[in-house]
Amino acid sequence: MRTTKILAGFLAAAALVMAQKVKSKGEGEALQAIQKEMQTAADPGTPAAERAQHYDATIKKVDEFVKKFADTEFKEWALTRAAEAAEARNDSAKLIIYSELAIEANPKAYSPMLMESAELARSTRENDLDKDEKLSKAEKLAHQAMDIIPTAAKPNPQIPDDQWEGIKKDYLGDAHRDLGMIASVRKKYDVAIAEFKQAGDIAAHSDPAVYVRLAGAYTDNKQPDEALAVLAKVNNPALKPFVDKETKRAQDLKAATKK
């Protein structure tokens with residue numbers, strides 16, 4: 001799901017940069033350079049090692065951009081690209097830093113809100129001393145994004161209305177996914193199940209990873225049959241190790257309850 005929205009964002013951004021007047025030729029060229037690095041990194045034809053280099057280059061170019069063009073109208077856009085690059089590099093600290101900076105640049109920046117919310121939920125552990133603080137912040141960010149997304153304006157007027165509605169539904173699906181992850185960490189598995197279900201139902205482009213999380217929540221809630229039924233429908237080679245792991249957990253639980 002994230003890839004779909006990132007690529008859509010690239011298409012929107014290309015027109016956005018051209019449609020809005022930049023303050024100088026240099027600013028426009030710097031924006032295009034950031035966009036080119038991200039497009040190359042996201043291109044399936046780019047080798048994995050080179051992809052990582054392009055994500056790193058994106059972050060470097062964003063740092064240079066916001067430093068050189070401090071009064072730019074594109075600060076949120078650039079910082080969000082850096083957050084996406086950090087997400088792709090599995091760099092939790094930078095993802096949170098750049099998401100925070102993007103939200104600071106625009107308090108209605110829902111995409112970095114959801115990235116930070118997901119990362120806080122994903123990285124919080126049972127024994128973290130600041131567990132409650134991080135989860136509360138993640139929950140607040142998810143709800144803020146949910147309030148903003150329904151009436152969010154198109155980043156590019158050329159995007160067809162139906163496509164834009166689909167993109168917004170995907171973002172709302174991400175918000176419910178984040179709330180499901182938060183509930184799972186809090187061991188409120190019935191809430192997690194409801195949120196993951198809603199994430200799957202509302203999104204225009206189904207994210208199979210959500211269903212793996214849903215199955216995990218079912219198992220944690222002592223419902224192995226429901227977990228196995230969900231996992232049987234997940235057909236994504238990239239997720240096979242996770243499906244196998246959750247399948248074993250559910251099967252082991254089912255066997256244990258029969259003893």
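The values are calculated or read from the model by the stated rules, or taken from the named source; none is laboratory data. Since the structure is predicted, the reported quantities are computational estimates derived from the model, not experimental observations. Quick reminder, even Gly has a Cβ in these numbers, built from the backbone with ideal geometry, and neighbours come from all protein chains shown.
Could you please let me know if A121 is without any contact (Cβ under 8 Å) to a residue 40 or more places away in the chain, surrounded by 19 or more Cβ atoms within 10 Å (Cβ to Cβ), under 17 Å from I182 (Cα atoms) and among the hydrophobic types (A, V, I, L, M, F, W, C)?
When the stated conditions are applied, A121 does not pass them.
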### Task
Within segment 195-224, work out how many residues are within 15 Å of M146 (Cβ to Cβ), surrounded by fewer than 22 Cβ atoms within 10 Å (Cβ to Cβ) and either modelled with pLDDT under 95 or not charged (D, E, K, R) (or both).
3
### Message
Going through K5, K21, K60 one at a time, which residue ends up being modelled with pLDDT under 90 and over 30 Å from G173 (Cβ atoms)?
### Response
K21
#### Entry: Top-ranked residue of segment 144-169 - restricted to ones that are touching a residue at least 60 places away in the same chain (Cβ under 8 Å) and hydrophobic (A, V, I, L, M, F, W, C), ranked as farthest from D201 (Cα to Cα)
I159
### Query
For segment 109-127, how many residues meet the condition of being among the basic types (K, R) and part of a helix (DSSP H, G or I)?
1
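Please find, within segment 239-259, the residue that is surrounded by the fewest Cβ atoms within 10 Å (Cβ to Cβ) out of those that are of a type in the set (K, R) and within 15 Å of N221 (Cα to Cα).
Let us first name the residues in segment 239-259 that are of a type in the set (K, R), namely 240, 245, 248-249, 254, 258-259.
Now drop any that are not within 15 Å of N221 (Cα to Cα), which leaves 249, 254.
Values: R249: 18, K254: 16.
Selected residue: K254.
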### Task
Being in a helix (DSSP H, G or I) and either surrounded by 14 or more Cβ atoms within 10 Å (Cβ to Cβ) or not assigned by TED's automatic domain parsing to the domain that holds K25 (or both) is the filter here, so list the residues in segment 65-74 that pass it.
F65, V66
### Message
Conditions first: (1) within 18 Å of P155 (Cβ to Cβ); (2) crowded, with 19+ Cβ neighbours inside 10 Å. H54 passes all but one, so which condition is the exception?
### Response
(1)
### Message
Quick check on segment 147-158. Is at least one of its residues at pLDDT below 95, farther than 19 Å from L79 by Cα and of a type in the set (S, T, N, Q)?
### Response
yes
